[in-house]
Structure formats: structure tokens, C-alpha cells
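Scroll down for the structure; my scribbles are underneath it.
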Amino acid sequence: VAAFNKAGIELKSLNLLSSGSIPEDTECIFIYAPETDLTANEAAQLTEYLANNGKMLLITDYNSSELTNFTAVMQEYGVSTLDGVVMEGAADRCLSGYPYYILPYANEKSEITKQFNNNSSFVLMPLAQAIVKNSDIRDTVEITDLLTTSDLAYIIQDSSYEKVDDMPNGPYSLAVSIEEEYDGNDTKIVWITNSEFITSQSDQMVGGANSQFLTSAVNYLCGQDISSSVNGKSLSLG
């Protein structure tokens, strides 16, 4: 929340059950670490909002693949997650002794992550999930990897820390941006598969790079340089 306040962003809670719809003046939907699934009606409202110039910042944890209706919304845009937590097999791409505290490669061609140098400036992603792309997604949807592991990364599903053999090998995407321009609408989504990266402890460990990444993601979604904005914008908090 502090990162939003510094950027002049106003967060407002939104209860879809009581509101019945997403307000037309909503700049962006922010959904943070959902523990329970959307209802079918809530999923339909979110899908309709996104299809009509909607913007969404989605931050999930490793239970996200169990949230059926959330999964269905994201599959509409060609992405889903693999069951389990990503472990990094390359020693120089994780914290020493902690392969689940990943220092992913940043996409230097994306406006969200171009400020990060893959040799000296890192985002920290602990306990993240892998995002996979559907092969049959419509041509109007563009999915961009933002943060990726090395090809030595692997998936675990329990405390044994054993690699799940029937999972695809790395590299894995830990965060993506999605954009669809169609029939006059411009939908934008940023999906980050771990909520721990936003904590002050994680942010401090990488010199504030995580909060910079979050600010860049919101800037991409809101369509202006929010780092210099003083006027509050209204976002909905899920």
C-alpha cells in the first residue's frame, strides 16, 4: 500500500457481491493474494470489465491454481499456472542456500522491467509459481514475459523439495504482462505469482527494486508516469 501512496494512487475496496458491478470510473482492479475463489457471478463481472478497456494488477500465491474461477478468467487471456512452487537450480539466480528465493531475469525490452540490469539490479521473487501460455489463444492477445528463471529451474509440490518429474523444465515465467487491442478496446493485465515480493523485508533485500517493479507495473496499467503524479487515482482493491 505504501508504494501506491507514494505514487499518488488512491485504493478503494470493492465488494462485487454488494456492488453488483465494477464502477465505470475504475482505473484499474488490484487483486492481492486471494485466498478464496471468485463466485461465478464475480468472475463474469471481472471478465466483462476486462473486455471493455479493463486494467488489472493480479498478485497471487501458490494456491492460485486451486481457484477455479480465477483460473478461468486468466485462461481467457491465454495463461495459467503450474501446480507447485518454483525452485531455481542456478546458484547465481537465487539467494545462497534458498533456491525458492529467486533472482529472476528481467525482460529489458519491456517498459515495466527495462530499468533492471540483469547483472547488478534484481527483483526478488520468493515462493513463486510458474506461468504457462496456452497454445490456442486468440491472435489479438499479446503475452510478454517480465521475470523468468534460468533453464535449471524446477517445480516442487511438497516439503520434500523433490523435483516433480512430470512437469515441464525451465525456464519459467514468474510474472507477465498481457495486452489485447480489439474493436477499440485496450485490455491490460499484469500478473505476478507471489505476494511476498511486496513486503518491506523482500524489498529491502534488493535495495528497493521490488517496489520499483510494482510502481512500473502500475504505471503501465494506468498509462502515465505515476512517479511524478500528485493527483490521486481511484483503483479498486479486490
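The values are calculated or read from the model by the stated rules, or taken from the named source; none is laboratory data. Nothing here was measured: the structure is a model prediction, and the numbers come from that model. Note that we place each Cβ from the backbone using ideal geometry, even for glycine, and neighbour counts take in every protein chain shown. The area values use the complete protein model at the heavy-atom level, side chains included, leaving out ligands, DNA and RNA. Shrake-Rupley method; radii C 1.70, N 1.55, O 1.52, S 1.80 Å.
Restricting the stretch 168-185 to residues that are farther than 23 Å from residue 31 by Cβ and modelled with pLDDT under 95 leaves a set whose member that is surrounded by the most Cβ atoms within 10 Å (Cβ to Cβ) is 170. For the residues 150, 202, 159, the requirement of being polar (S, T, N, Q) and more than 15 Å from residue 103 (Cβ to Cβ) singles out 159. If you go through the stretch 60-97 and keep only what is small (Gly, Ala, Ser) and without any contact (Cβ under 8 Å) to a residue 40 or more places away in the chain, you end up with 72, 91, 96, 97.
Consider the stretch 186-204 and keep the residues that are crowded, with 17+ Cβ neighbours inside 10 Å and assigned to a helix (DSSP H, G or I). The one that is modelled with the lowest pLDDT is 198.
Report whether or not residue 165 is open to solvent by 10 Å² or more (accessible area, probe 1.4 Å), more than 23 Å from residue 220 (Cβ to Cβ) and in a loop (DSSP other than H, G, I, E, B). Spelling it out, residue 165 is indeed open to solvent by 10 Å² or more (accessible area, probe 1.4 Å), more than 23 Å from residue 220 (Cβ to Cβ) and in a loop (DSSP other than H, G, I, E, B). Applying the condition of being modelled with pLDDT of 95 or more and assigned to a loop (DSSP other than H, G, I, E, B) to the stretch 147-162 and asking which residue is surrounded by the fewest Cβ atoms within 10 Å (Cβ to Cβ) yields 151. The conditions of being crowded, with 21+ Cβ neighbours inside 10 Å and modelled with pLDDT under 90 are met by residue 9. Mind checking which residues of the stretch 47-66 are farther than 22 Å from residue 165 by Cβ, under 16 Å from the mean Cα position of the chain (by Cα), assigned to a helix (DSSP H, G or I) and of a type in the set (Gly, Ala, Ser)? 64, the sole residue that qualifies. Against the condition surrounded by fewer than 20 Cβ atoms within 10 Å (Cβ to Cβ), farther than 20 Å from residue 174 by Cα and either without any contact (Cβ under 8 Å) to a residue 40 or more places away in the chain or touching a Cys at 6+ places or on another chain (Cβ under 8 Å) (or both), how does residue 40 come out, does it pass? In short, yes.
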